[in-house]
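The values are calculated or read from the model by the stated rules, or taken from the named source; none is laboratory data. The structure displayed is predicted, hence computed values, not measured ones. Cβ: placed from backbone, ideal geometry, glycine included. Neighbour counts: every protein chain shown. Just so you know, the surface numbers come from the protein's heavy atoms only, side chains and all, with ligands and any DNA or RNA stripped out. Shrake-Rupley method; radii C 1.70, N 1.55, O 1.52, S 1.80 Å.
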Amino acid sequence: MENNNSTSLTEQKPGEATKCNEDSLLPIVEKGLFFHDSFFEDIRKHFETAIDQILDMWGETKSMNDLMSSFTRVRERNSQEENQVVAFSEDDQTHKVVLDVHDFKSGDVKVRVEDKQVVVEGRMEKDEDDFKSMKSFYRRFNFPGEVNLEAVTSAMSSDGVLTITAPKISQDANDTTRTKGQ
């Protein structure tokens, strides 16, 4: 995975995805448009940078007024997995993963915690005339350091951008836990 951000979050894309227990699914809270809803403000710049990289790779002209439209043109021409925007950020309290799931918004997007990782799956089937097509993706994310996996949350913008937030476990919390256990 190419990651130009300073975070050490790693992403795994195994060839064979193992299906997860439905009980481990996280709810996905619905929000407004990604570039307009204040909920996404702290991650927006990272997502824009990831879009810029894909637009540069495809030689697409950028519309500064509507970066998403420029990206949508690329995605419509070539919807391969490497064109799925994924961005990472972290601050003192959280790790965040943001990914474009627009193509799967009308299908099925699932987020779950499994084996100390966050798993995101998307699946969409489309019937057109005599053709039936299916598109899917599967991603696993490992977070560096200690993360409270029981407190992971996910939110999706109305234009199909998924944000996963994983709270860090502070060193103070670790010290308190060890003290109580002694």
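Values for this structure:
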read-out	value
Residues that are at pLDDT below 85 and surrounded by fewer than 16 Cβ atoms within 10 Å (Cβ to Cβ), drawn from region 73-111	73, 76, 77, 78, 79, 80, 81, 82, 106, 107
Meets criteria (modelled with pLDDT of 70 or more, part of a loop (DSSP other than H, G, I, E, B) and open to solvent by 20 Å² or more (accessible area, probe 1.4 Å)) for residue 62	yes
Neighbours by Cβ (under 7 Å, 6+ apart or cross-chain): first from region 32-50, open to solvent by less than 40 Å² (accessible area, probe 1.4 Å); second in a helix (DSSP H, G or I)	34/40
Within region 112-135, tally of residues that are closer than 23 Å to residue 72 by Cα, open to solvent by less than 70 Å² (accessible area, probe 1.4 Å) and in contact (Cβ under 8 Å) with a residue 12 or more places away in the chain	5
